[in-house]
Amino acid sequence: MTDRNIIGFDVDRNGNAVIVVAVQRDGSYTVRTPGVCKSLAAELLRGIADRLDAEHGPFPCTPAPEQHDRPREDEPAHPRGGRLDRDRGVYRDPRGDSWDLSLLWADEFDREWKWHGSTDRLGEPLLRAEDDGEVQPLGVLRALYGPISPRSGGAA
């Protein structure tokens with residue numbers, strides 16, 4: 001199980017979701033629309049947003065939206081934690097190893113993983129599998145599917 005909520009609309013012949021919205025706890029999101037007209041997907045999502053907005057009413061949200069304490073950039077998330085430099089897209093893990101997050105990373109099973117700008121509650125980068133959208137913190141990804149190696153792209 002991951003820390004993301006997924007909303008899927010309809011499925012294709014293989015049972016794959018046609019429109020998938022993945023929302024991280026920190027508010028970042030991705031929308032996957034393989035084989036769907038982007039304009040049609042946008043119209044559908046606007047309709048959903050309008051309906052939710054209309055159902056909300058004029059009062060404040062109850063309960064209040066969940067908020068997470070996030071570390072400032074370039075500060076340790078935990079006394080023994082790593083450091084994230086968002087401007088450079090580089091994460092230095094607690095062992096002192098640097099990870100270029102602009103790269104596509106491949107795991108032991110040849111799955112590709114990419115960072116989309118999200119972190120967990122301790123500030124560790126969350127990488128998403130390109131094939132099925134699974135999300136794991138970098139350290140957990142290395143422990144479960146490692147070793148990982150750079151695939152391509154990026155600034156390095």
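Brief remarks follow.
- Residue satisfying all of: in segment 79-102; modelled with pLDDT of 50 or more and loosely packed, with under 12 Cβ neighbours inside 10 Å; nearest to Leu122 (Cα to Cα) among these: Arg80
- Subset tally (residues that are surrounded by 15 or more Cβ atoms within 10 Å (Cβ to Cβ) and over 19 Å from Gly27 (Cβ atoms)) for segment 103-129: 9
- Given (1) open to solvent by 70 Å² or more (accessible area, probe 1.4 Å); (2) within 21 Å of Val140 (Cα to Cα); (3) at pLDDT 50 or above, index of the condition Val23 fails: (1)
- Unmet requirement for Asn5, which otherwise passes all of (1) modelled with pLDDT of 65 or more; (2) open to solvent by 70 Å² or more (accessible area, probe 1.4 Å); (3) not charged (D, E, K, R): (1)
The values are calculated or read from the model by the stated rules, or taken from the named source; none is laboratory data. All values derive from a computational prediction rather than experimental measurement. Cβ sites come from the backbone with ideal geometry, for glycine too, and all protein chains shown count toward neighbours. Each accessible area value is taken on the protein alone, full model and side chains, heavy atoms only, with ligands, DNA and RNA left out. Shrake-Rupley method; radii C 1.70, N 1.55, O 1.52, S 1.80 Å.
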